[in-house]
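Undergrad: This is the structure, below, for whatever I ask next.
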Amino acid sequence: MSKTEAEARELLDLGRTVVERARAGGANVAEASVHSGSHLSVKVRMGEPELVEEAGSRALGLRVMVGQRVASTYTSDLSAAGQKVLIEDALELAKLSEPDEFAGPPLTADLSEESDWASLDTYDDAVGDISADEALGRALDGERAAFDFDARITNSEGASFTRARGVSALVTSGGFSGSDCGTYASVVVTPVADDEGGKKRRGYHWSAARHYADLESSQSVGEEAARRTIAQLGAKKLPTQELPVVFDKDAARSIVGLFAGCVLGGSIWRKSSYLVDRVGSQVASDLVTIVDDPLLVRAPGSRAFDGEGLLSRRNVVVKDGKLESYLLDTYSARKLGLQSTASASRSPSGGISPSTSNLTLQPGSLSRDALVADTKHGFYVTGMMGFGFNSVTGDFSRGASGFLIENGELGHPVSEVTISLNLDTLLQRIDAVADDVDHRTAISSPAFRVSSMTLAGA
């Protein structure tokens, strides 16, 4: 038995003990989630270490129901005394809470079993074995590569390397018992160049993966970060106008992230989303298909079962522009008179809410370069700032930077402009989708073009 397998078994045993004791104390329903993990984060700046932080953690979350009254509690004290206090607090809080007719676990018949779980390859021993010295070396190599790439790189906001590993277990009084493990590593380089008028131009690039071997080299990350920084030199405003806007894959991911928050069941039953009562209607261009898929091998949001023990499944959220489904846990499904989509996520405190797993706007057939070449005049967005989005109305307005597109080619850099359009209209105006999607993060998108947006500038 491997060290990770032994750790998972220990967490499962602890979860079973807590559930049994909570039930014996008067809980009709008890659900224990246990987590053990470690984290290393280093940062360097100007060739010198600035931060080395390494920590381990263990946590126990408990959710109980007494009748229809629900309470969740959390502790990092896993001793017998700590467990006793946790259980007593949970039961006392449940008795003080208001009954909720929609509260309750999924049906026992709907719970998954280990024989059903997909093998998703989310754990790599090599990530957990990365030492602080090796992490510092990776960060230093990345920053050095940025400085060596171009003499105009004169400063740095630093380079960082992080790695994390975790093992978790979930045990419920309904009969579910399961464990999961995962690793994740990333490297980020953020160089700075001097521009006219004393302005500083900052760019960055990063790589992240579940497996160490899948990370880009520090040198390539540093060089790409430097290239992106230098490309911003001489940036200027554009005059206010209506024009096509191409979002590169990182900016496009941000747009998909806004949409994600509007399809979660909690937003729907609270009526805090512009997508309430929109299932079956056109919410995007027919070029747009958005899928939430927790079963992608080695992807950051992958999981064999959800936070309630239901078997993970691929959910088509938008198909050919039509809204097919919300993402629901058991509670939000009951509130809406629907079925769970196995999209529950459980917080360290034991609380449950719906979430995305790997949410992806599906790629088209054009390369990114072909998409730009097909745009005679437009704005290519590489970065956005601010939080100008109203999920109830869909109104969207963000500061943006990028490049002018002239005659199908990227022209001079652009900064200090604002782009705005209602998100509902924005998605329906998508008239081209590229093929350059990747899965560095749990929300992803290829580059896409919006046929017309308002750009406010000089």
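Read the figures in this text as sums done on the coordinates, not as results from a lab. Here the structure is a predicted model, which is why all the values come from computation and not from measurement. Positions of Cβ are backbone-derived with ideal geometry, glycine not excepted, and every protein chain shown enters the neighbour counts.
Undergrad: Report the calculated FRET efficiency for Ser353 and Ser76 (r = Cβ-Cβ distance, R0 = 30 Å), to the nearest 0.05.
TA: 0.90
Undergrad: Could I ask something else about it? Taking a threshold of 19 Å on the Cα-Cα distance, which of the pairs Lys43/Lys200; Lys3/Lys43; Lys319/Lys376; Lys200/Lys237; Lys200/Lys236 fall above it?
TA: Lys43/Lys200; Lys3/Lys43; Lys319/Lys376
Undergrad: For the chain, state what percent of all Cα-Cα pairs lands in each successive 20 Å bin, counting from 0 Å until the bin that includes the largest distance.
TA: 22, 50, 26, 2
Undergrad: Students often forget the sequence filter, so: which lysines lie under 20 Å Cα-Cα from Lys335 once same-chain residues fewer than 8 apart are removed?
TA: Within reach: Lys271.
Undergrad: Helix 3-24 sits at what angle to the longest principal axis of the chain, using alpha carbons and giving 0 to 90 degrees rounded to 10?
TA: 50 degrees
Undergrad: Sticking with this one: Rule-of-thumb check for segment 3-228: C-alpha Rg over 2.2 N^0.38 Å?
TA: 1.35
Undergrad: Filter the chymotrypsin sites (Phe, Trp or Tyr not before Pro) in segment 375-458 down to the DSSP loop ones having no more than 10 other Cβ atoms within 10 Å, then list what survives.
TA: Sparse-neighbourhood loop chymotrypsin sites (Phe, Trp or Tyr not before Pro): Phe387.
Undergrad: May I ask for the longest run of the chain untouched by GluC sites (Glu not before Pro) that are loop-located per DSSP and have at most 14 neighbouring C-beta atoms (other than their own) within 10 Å?
TA: With GluC sites (Glu not before Pro) excluded where exposed in loops, the chain gives 114-458 as its longest stretch.
Undergrad: While we're here: First select every other residue whose beta carbon is under 9 angstrom from the beta carbon of Gln232; then total the charges, Lys and Arg +1, Asp and Glu -1.
TA: That works out to +2.
Undergrad: Starting from the Cα gyration tensor of segment 13-146, multiply each eigenvalue by 5, take the square root, and state the resulting semi-axes largest first in whole Å.
TA: Value: 41, 19, 14 Å, ordered largest first.
Undergrad: Between Ser115 and Ser57, what is the spin-label point distance in nm, taking each point 7 Å from the Cα along the Cα→C-beta axis?
TA: 3.6 nm
Undergrad: Using the Karplus curve 6.51 cos²θ - 1.76 cosθ + 1.60 with θ = phi - 60°, what ³J(HN,Hα) values do you get for each residue of segment 146-151, in whole Hz, with x for Gly and Pro?
TA: 5, 5, 6, 5, 7, 5
Undergrad: Right, something else. Pull out the extension gain between Ala370 and Lys199, defined as 0.36 nm times the separation in residues minus the alpha carbon to alpha carbon distance; nm, one decimal.
TA: Taking Ala370 through Lys199 to full extension adds about 58.3 nm, to one decimal.
Undergrad: Segment 271-360: D in µm²/s via Stokes-Einstein (Kirkwood Rh, Cα pairs, 10 °C, 1.306 mPa s)?
TA: Roughly 117 µm²/s, to the nearest whole number.
Undergrad: Under the classification rounded if a/c is under 1.5, otherwise prolate if a/b is larger than b/c and oblate if not, where does segment 134-272 fall, given a ≥ b ≥ c as square roots of the Cα gyration tensor eigenvalues?
TA: Because a/c hits 1.5 or more and a/b fails to exceed b/c, segment 134-272 counts as oblate.
Undergrad: Here is a follow-up. Quick one: Ile230, Ile430, Ile87, fewest Cβ neighbours within 10 Å first, how do they rank?
TA: Ranked by crowding around the Cβ, least crowded first: Ile230, Ile430, Ile87.
Undergrad: Between the alpha-carbon centers of segment 65-95 and segment 320-367, tell me the distance in whole angstrom.
TA: So the two Cα centres are separated by 28 Å.
Undergrad: Classify segment 199-358 from the C-alpha gyration tensor, please: rounded if a/c falls under 1.5, else prolate or oblate depending on whether a/b exceeds b/c.
TA: Oblate.
Undergrad: Restricting to bridges with both residues inside the chain, how much of the DSSP beta-bridge set is antiparallel, in percent to the nearest 5?
TA: 95 percent
Undergrad: As I understand it, the value is the acute angle between the Cα axis of helix 218-230 and the longest principal axis of the Cα atoms of the chain; what does it come to in degrees, rounded to 10?
TA: It is inclined by approximately 50 degrees.
Undergrad: Taking the Cα centre of the chain as origin, sum charge times position over the Cβ atoms of Lys and Arg (+1) and Asp and Glu (-1), and report the length of that vector in debye to the nearest 20.
TA: 1000 debye
Undergrad: Rounding to the nearest 10 and keeping the result within 0 to 90°, find how far the Cα-based axis of helix 249-263 lies from the longest principal axis of the chain.
TA: On a 0 to 90 degree scale, this one is about 40.
Undergrad: Are there trypsin sites (Lys or Arg not before Pro) in segment 317-378 that DSSP puts in a loop and that have at most 16 other Cβ atoms within 10 Å, and which ones?
TA: Of the trypsin sites (Lys or Arg not before Pro), the ones in loops of segment 317-378 whose Cβ has at most 16 other Cβ atoms within 10 Å are Lys376.
Undergrad: Taking only C-alpha pairs under 8 Å that are 6+ residues apart, what is the relative contact order of segment 131-261 in percent?
TA: Answer for segment 131-261 is 25 percent.
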